[in-house]
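Colleague: Pasting in a structure now, in structure tokens, and then I'll have a few things to ask.
The values are calculated or read from the model by the stated rules, or taken from the named source; none is laboratory data. This is a predicted model, so every value here is computed, not measured. Neighbour counts run over all protein chains shown; Cβ positions are idealised from the backbone, glycine included.
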Amino acid sequence: MEKTSTFSVSSLYLDYLHTGWHVDQAILSEEDRVVCIRFGRDNEVMCMQTDEVLRKIQKRVEEFAVIYVCDINKVKDFNRMYELYDPCCIMFFWRNKHMLVDCGTGNNNKVNFEIFDKQDLIDIIESVYRGAKRGQGLVVAPKDFSTHWNW
């Protein structure tokens, strides 16, 4: 019997990072754009929905951000370092530096809740880009997500 794997169809349209080396290269090689990496388990519903939103905004943010996806079950190199225990999260990097984002949730290391609104995610990425260009390591999201109940 042939074994099939479950994965997000949307992630097929996003750049996939298959190894720890690929993750490192993605973070190291980008000089002028924010690197957004969706870490998670591809077969989780939350990841599939997040990937769909990321796919839809990819063209709109391509001038200031590049988007990747990485399955933490397949690439475990960063799970402990970045505390990747959530089913799905988005992390941001600028010139090999991890960017922190204050979304009002208490976890500034990553966005670990689902964002359904494309514009909300675009606004967060744009805020990270503007803050990074100014040398900030921590940026405040334009919207407070502390009352966001889908996490």
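Colleague: Only one of F145, F116 is surrounded by 13 or more Cβ atoms within 10 Å (Cβ to Cβ) and closer than 22 Å to V53 by Cα. Can you tell me which?
Modeller: The match here is F145.
Colleague: Let me ask something else about it. Being surrounded by 18 or more Cβ atoms within 10 Å (Cβ to Cβ) and either in contact with a helix residue (DSSP H, G or I) (Cβ under 6 Å, 6 or more places away or on another chain) or in contact (Cβ under 8 Å) with a residue 40 or more places away in the chain (or both) is the requirement here; does R95 meet it?
Modeller: So R95 fails the test.
Colleague: So, in the stretch 103-135, how many residues would count as being without any contact (Cβ under 8 Å) to a residue 12 or more places away in the chain and either touching a Ser or Thr at 6+ places or on another chain (Cβ under 7 Å) or of a type in the set (S, T, N, Q) (or both)?
Modeller: Residues meeting the conditions: 2.
Colleague: Can you name the residue in the stretch 98-113 that is modelled with pLDDT of 90 or more and of a type in the set (S, T, N, Q) and, of all such residues, is surrounded by the fewest Cβ atoms within 10 Å (Cβ to Cβ)?
Modeller: Among them, the one singled out is N109.
Colleague: Can you name every residue in the stretch 58-92 that is surrounded by fewer than 19 Cβ atoms within 10 Å (Cβ to Cβ) and assigned to a helix (DSSP H, G or I)?
Modeller: Correct list: Q58, K59, R60.
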